1. Does residue 222 qualify as being modelled with pLDDT under 75, farther than 17 Å from residue 119 by Cβ and not in a helix (DSSP H, G or I)?
2. Mind checking which residues of segment 101-117 are surrounded by 23 or more Cβ atoms within 10 Å (Cβ to Cβ) and either modelled with pLDDT of 95 or more or farther than 21 Å from residue 158 by Cα (or both)?
3. Which residues, taken from segment 132-161, are crowded, with 24+ Cβ neighbours inside 10 Å, out of contact with any helix residue (DSSP H, G or I) (no Cβ under 6 Å at 6 or more places or on another chain) and outside any strand (DSSP E or B)?
4. Between a residue in segment 122-151 that is without any contact (Cβ under 8 Å) to a residue 24 or more places away in the chain and any residue that is in a loop (DSSP other than H, G, I, E, B), which pairs come within a Cβ distance under 6 Å, given they are 6 or more apart or on different chains?
5. Considering 259, 252, which residue is at positive phi, in contact with a helix residue (DSSP H, G or I) (Cβ under 8 Å, 6 or more places away or on another chain), crowded, with 16+ Cβ neighbours inside 10 Å and modelled with pLDDT of 70 or more?
6. Cβ-Cβ below 6 Å, separation at least six or inter-chain, first residue in segment 107-119 and within 17 Å of residue 16 (Cα to Cα), second in a helix (DSSP H, G or I): which pairs?
């Protein structure tokens, strides 16, 4: 079942990492539900493709090329949204990488900084840039894409930088949910399990073969499906719920969208 087509009518959303994967799915779903989309990504070609797909079906979207680790580029993106539509209602801090998975004594400081810089600092810079406009708009919803890995699941022992960034996002989300509540800004975190995307293709693995602890799973490691992992559309529907008025009393929480996977793979 898809969300109602007019459920985000009149709302303006800024989505980072909108050029591919979950960010693309969120952008397309939000646009189909009536939202105007400020699409942020550092890959201009992918960004252009997504924006063209939205506008070709009558939607409204801006291509906002920006690196989430660059405060000035994010500030320029938010300024463009305000100049175009005059408001901002929803922020999806979704951009992220898996980075390098390696033994902790082989992981370089530069590899650590890259993962924490994009995933955690990028989330902070996105929220920092968008909050003033959310306040001027009378409130809204911030949705952070974290992960089950690092918040409930820890058996993937080579992913220390990734897990640290994702647990940091969840803590950051809770802290600012309380801080921003008086401004009618809700903050929630989505923690997906495994889902079909191309993010693993860009993950760098080094000497991880003997790090994974032996874990005995029941048949099929996604209890709800008996095996098959999720889809980007299923994850995007959770984000849509948090952006919609149906979640107007939900803030400061994590939602695990993983079919129960994290309950058996900690």
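The values are calculated or read from the model by the stated rules, or taken from the named source; none is laboratory data. Every value quoted in this text rests on a predicted model; they were computed, and no experiment measured them. Note: ideal-geometry Cβ built from the backbone for every residue, glycine included; neighbour counts use all protein chains shown.
1. On the way: modelled with pLDDT under 75: no; farther than 17 Å from residue 119 by Cβ: yes; not in a helix (DSSP H, G or I): yes.
The answer is no for residue 222.
2. The initial filter retains those residues of segment 101-117 that are surrounded by 23 or more Cβ atoms within 10 Å (Cβ to Cβ), namely 101, 115.
Within segment 101-117, just 115 meets the criteria.
3. Residues satisfying the conditions are 134, 159.
4. 149/156
5. Numbers: 259 fails: in contact with a helix residue (DSSP H, G or I) (Cβ under 8 Å, 6 or more places away or on another chain).
Answer to the check: 252.
6. The qualifying pairs are 115/161; 115/162; 115/165; 116/165; 119/165.
Results for (1) in contact with a helix residue (DSSP H, G or I) (Cβ under 7 Å, 6 or more places away or on another chain); (2) over 21 Å from residue 243 (Cα atoms), shown as yes or no for each residue.
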position: 41; (1), (2): yes, no
position: 46; (1), (2): no, yes
position: 54; (1), (2): yes, no
position: 67; (1), (2): yes, yes
position: 70; (1), (2): no, yes
position: 83; (1), (2): no, yes
position: 90; (1), (2): yes, no
position: 99; (1), (2): yes, yes
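Listed here are the residues, each with its yes/no results for (1) modelled with pLDDT of 90 or more; (2) assigned to a loop (DSSP other than H, G, I, E, B); (3) farther than 24 Å from residue 120 by Cβ; (4) under 16 Å from the mean Cα position of the chain (by Cα).
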site	(1), (2), (3), (4)
168	yes, no, no, yes
175	yes, no, no, no
178	yes, no, no, no
181	yes, no, no, no
191	yes, no, no, yes
207	no, yes, yes, no
213	no, yes, yes, no
228	no, yes, yes, no
233	yes, no, yes, yes
